[in-house]
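Below is one structure, written out as structure tokens; the observations come after it.
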Amino acid sequence: MTVDLSPWVSGVPDAVVDVLSTAREVLVVSHENPDADTLGASLAIALLVESRGGRASSVCTDPPPALYAFMPGIDRVRTDPDPERRYDLLVMVDCGSLDRVGAVRHRHRALFAAVPTVVIDHHVSNEGGGATDWIDPGAAATCEMVTLLAARMAVPLTAGEGSLAEALMAGIVMDTATFAHPNATPRTLSVAAALVEAGAPLSEISRRLYRSKPDSQLRLFGRVLHRLEAVDGGRVVWSTLTDADLVATGAAAAHSEGIIDLLSQADQAEVTIVFKEQGSATRISVRTKSGGVDATVLTGTYGGGGHARAAGATIPLPMAEAQEAVLQVARRLAAAVDR
Ligand code: 5GP
Ligand code: MN
């Protein structure tokens, strides 16, 4: 291998390496409404544990959407821990807060309370402070961190007949939008180079995640884009996605993924928001322009989180009321941006 990750490998905390190297029965937990970063990190951690002779289960409270079916090993992701196993370590990946684990944490309250936990995450809003927690907001993806962990554990990136490198690359491509977001650093690109060298099919992963969609999803995008609204000279742009849109297009709820990234291309938008109907509550996806509003300030108002440029929250209000409340805060934050 010619790509050298050694400048960064020493940044992986010893405590994380130690617990992952010695654990025998590991439960790896992703966040709800999973994406390729949380799933890729989970599959990769499972491979690392197995390479050390341990066993691992990958769990996510929601089944992985079809978009991620190409990820090798995705079939092993289950919605609940294996009742036959006595877990000795719990690893939470890409979860910006405990809440993000979702309902599985409540279905297995005793287990989650009793088993020692390691958090591996890159969300700036993460407040986790456990002795073995590893939170690096400088990482573009949790999968960037896990690649360095693999290198530190001396597990070859070619492990699992290519599935380790492919899982990790999927997470990095997801969270950087194929290296287009400002979170992609020299370290991100070096890690990605090492994964490509190990055989990760970068172009194909990018096509799967960003340039291939069922017709029903494109129709859904069409409806949401058509309803675009803008105020304050286009500084705040938003649209809505209702259950009726899903019915009319035949699209699945998971197909709303990506609409925000189109909408946020609006030239003047400092803050872009998609409001998604979710029963009597409303989910928001927020994107903001570089050097402007911190998206986590807006979502933090409602107990959500994320990154400065991309964040989300669930608001316990129906669509119309959620819109009124959120837009008021968004307009105030956008008005304060001085360019
Ligand atoms: P998206 O808009 O793509 O759903 O989410 C953007 C970013 O914000 C992702 O990094 C995601 O993990 C984070 N995020 C979305 N919703 C929530 C939430 O309800 N709570 C927290 N803490 N983070 C969120
Ligand atoms: Mn992530």
### Task
May I ask you to verify whether Gly199 is surrounded by 15 or more Cβ atoms within 10 Å (Cβ to Cβ) and not β-branched (Val, Ile, Thr)?
yes
### Query
Which residue pairs have Cβ atoms closer than 6 Å, lie 6 or more positions apart in sequence or on different chains, and pair a first residue in the stretch 232-258 that is open to solvent by less than 30 Å² (accessible area, probe 1.4 Å) with a second residue that is charged (D, E, K, R)?
Val236/Arg331; Trp238/Glu229; Ser239/Arg227; Leu241/Lys276; Asp245/Arg223; Thr249/Arg219; Ser256/Lys276
### Query
With respect to Asp215, is the statement that it is modelled with pLDDT of 95 or more, surrounded by 22 or more Cβ atoms within 10 Å (Cβ to Cβ) and over 20 Å from Val9 (Cβ atoms) true?
no
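Okay, residues lined up against (1) within 11 Å of ligand 1 (Cβ to nearest atom); (2) modelled with pLDDT under 95; (3) not assigned by TED's automatic domain parsing to the domain that holds His122:
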{"residue": "Ala266", "(1), (2), (3)": "no, no, yes"}
{"residue": "Ile273", "(1), (2), (3)": "yes, no, yes"}
{"residue": "Gly279", "(1), (2), (3)": "no, yes, yes"}
{"residue": "Arg287", "(1), (2), (3)": "yes, no, yes"}
{"residue": "Gly292", "(1), (2), (3)": "no, no, yes"}
{"residue": "Thr296", "(1), (2), (3)": "yes, no, yes"}
{"residue": "Gly300", "(1), (2), (3)": "yes, no, yes"}
{"residue": "Gly306", "(1), (2), (3)": "yes, yes, yes"}
{"residue": "Thr314", "(1), (2), (3)": "yes, no, yes"}
### Task
Of the conditions (1) surrounded by fewer than 20 Cβ atoms within 10 Å (Cβ to Cβ); (2) within 16 Å of ligand 2 (Cβ to nearest atom); (3) over 20 Å from His123 (Cβ atoms), Leu67 clears all except one; give me its number.
(1)
### Task
Return only the number of the condition from (1) in contact (Cβ under 8 Å) with a residue 40 or more places away in the chain; (2) surrounded by 15 or more Cβ atoms within 10 Å (Cβ to Cβ); (3) more than 27 Å from Ile172 (Cα to Cα) that Phe221 does not satisfy.
(3)
### Task
Quick one: which residue in Leu189, Leu157 is within 19 Å of Val3 (Cα to Cα), out of contact with any helix residue (DSSP H, G or I) (no Cβ under 7 Å at 6 or more places or on another chain) and away from ligand 1 (no atom under 16 Å from the Cβ)?
Leu189
### Query
Could you list, in sequence order, the residues of the stretch 145-166 that are of a type in the set (Gly, Ala, Ser), crowded, with 24+ Cβ neighbours inside 10 Å and more than 13 Å from Leu202 (Cβ to Cβ)?
Ala150
### Summary
Exception for Ala110 within (1) farther than 30 Å from Ile205 by Cβ; (2) touching a Phe, Trp or Tyr at 6+ places or on another chain (Cβ under 6 Å) falls at (2)
### Task
Sort out which residues of the stretch 88-123 are assigned to a helix (DSSP H, G or I), in contact with a helix residue (DSSP H, G or I) (Cβ under 9 Å, 6 or more places away or on another chain) and more than 21 Å from Pro63 (Cα to Cα), and write them in order of number.
none
### Task
Take Ala140 and decide whether it is within 16 Å of ligand 1 (Cβ to nearest atom), within 24 Å of Met92 (Cβ to Cβ) and in a loop (DSSP other than H, G, I, E, B).
yes
### So Leu39, is it in a helix (DSSP H, G or I), in the same structural domain as Ser206 (by TED's automatic domain parsing) and at pLDDT 95 or above
yes
### Task
Considering (1) more than 18 Å from Ala159 (Cα to Cα); (2) in contact with a Pro (Cβ under 9 Å, 6 or more places away or on another chain); (3) away from ligand 2 (no atom under 16 Å from the Cβ), say which one Pro83 fails and leave the rest.
(2)
### Query
What do you reckon, is Val93 under 16 Å from the mean Cα position of the chain (by Cα) and within 16 Å of ligand 2 (Cβ to nearest atom)?
yes
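The values are calculated or read from the model by the stated rules, or taken from the named source; none is laboratory data. Note that the structure is predicted; figures quoted are calculated from it, not measured. A quick note on method: Cβ atoms are made from the backbone with ideal geometry, for glycine too, and the neighbour counts reach across all protein chains shown. Surface accessibility is based on the protein's heavy atoms, side chains included, excluding ligands, DNA and RNA. Shrake-Rupley method; radii C 1.70, N 1.55, O 1.52, S 1.80 Å.
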